[in-house]
1. Taking into account only those residues within region 16-30 that are in a loop (DSSP other than H, G, I, E, B) and either modelled with pLDDT of 95 or more or of a type in the set (Gly, Ala, Ser) (or both), which is nearest to the chain's Cα centre (by Cα)?
2. Under 8 Å by Cβ, and 6 or more places apart or on different chains, what pairs join a residue from region 28-42 that is crowded, with 16+ Cβ neighbours inside 10 Å with one that is of a type in the set (Asp, Glu)?
3. Taking the conditions exactly as written (over 17 Å from the mean Cα position of the chain (by Cα) and surrounded by 14 or more Cβ atoms within 10 Å (Cβ to Cβ)), does residue 132 satisfy them or not?
4. Looking at region 168-183, which of its residues are loosely packed, with under 14 Cβ neighbours inside 10 Å and under 20 Å from residue 84 (Cβ atoms)?
5. Can you work out which of the residues in region 135-157 that are touching a residue at least 40 places away in the same chain (Cβ under 8 Å) and more than 25 Å from residue 203 (Cβ to Cβ) is most open to solvent (accessible area, probe 1.4 Å)?
6. Just to be sure I understand the filter: pairs with C-beta atoms under 6 Å, separated by 6 or more residues or on different chains, first member in region 174-202 and outside any helix (DSSP H, G or I), second member hydrophobic (A, V, I, L, M, F, W, C) and surrounded by 17 or more Cβ atoms within 10 Å (Cβ to Cβ). Which pairs pass?
7. Identify, please: which residue in region 106-129 is among the hydroxyl-bearing types (Ser, Thr, Tyr) and open to solvent by 50 Å² or more (accessible area, probe 1.4 Å) and is, among those, nearest to the chain's Cα centre (by Cα)?
8. List every residue pair whose Cβ atoms lie under 7 Å apart, where the two residues are 6 or more positions apart in sequence or sit on different chains, the first residue falls within region 53-72 and is touching a residue at least 60 places away in the same chain (Cβ under 8 Å), and the second residue, located anywhere, is polar (S, T, N, Q) and open to solvent by less than 30 Å² (accessible area, probe 1.4 Å).
Amino acid sequence: WPAAARQMTYQQQMEHDVQYILMDLEWNQPLSHLSAQYRRYGKQLMFDMIQIGAVKLDSGLRMTGSFKQFIQPGLYRKLHPRISRITGITQEDLYGAPQFIEALERFVSWCGEDFALITWGCDDISVFQQNLNFYLKDERAMPPVYDLQRLYGAHTGGSKNRAGLSSAVKFFNIQPSPEHPFHSAVDDAYYTALVFQQMPEADKVLEYP
């Protein structure tokens, strides 16, 4: 994450109006753990990001914009059939897409300066951090990220089992739309935003870094 990208501190977010950015990622994996790329680089990069999706909400939880960006994988370049089947992303979608650093710059520019970055669970963050380390060749850290899945778990009884996004969508009687299929990054971000809008005291997500 570029060092120039400023983000509000936790205390600032609690005291001021804040934009919320609900983010979701898709990533590729090696065709085989015996491949030359994985044997050489697998400990540094297990998954190659291929899509960033996000929805932006204002302090009143109104949707104000969305972001969708395919990314050309730099290491595991051939799309794994399982990933294509789950996400609907094809090899053709990735041809001509920007590589990670350019895609990151576009996303950071879209995010702006004052925001709280929110995901459903923590898997995306570890993958994002690995891609940052691998492609930027330094130890630049992600900005603070908050976990809506944990807030939802606390709201529904504090179960240690982490609920899937589709379960939360059903819980709040949100009707899935054919125009927003699950397992596309921007559409999963869209459903995450809809769940977020339904949460009592949604700003308490800032208590779940």
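The values are calculated or read from the model by the stated rules, or taken from the named source; none is laboratory data. Note that the structure is a prediction, hence the values are computed from the model and not measured. Here Cβ is always computed from backbone atoms with ideal geometry, including for glycine, and neighbour counts include all displayed protein chains. Accessible surface areas use protein heavy atoms only, side chains included; no ligands, DNA or RNA. Shrake-Rupley method; radii C 1.70, N 1.55, O 1.52, S 1.80 Å.
1. The first filter runs over region 16-30 and keeps only residues in a loop (DSSP other than H, G, I, E, B), leaving 16-18, 29-30.
Adding the requirement that they be either modelled with pLDDT of 95 or more or of a type in the set (Gly, Ala, Ser) (or both) leaves 29-30.
On the way: 29: 17, 30: 20 Å.
That would be 29.
2. Correct list of pairs: 28/48; 29/48.
3. No.
4. 178, 181
5. 140
6. Listed by first residue and then by second, the contacts come to 174/194.
7. Checking each candidate, the answer is 126.
8. The qualifying pairs are 53/184.
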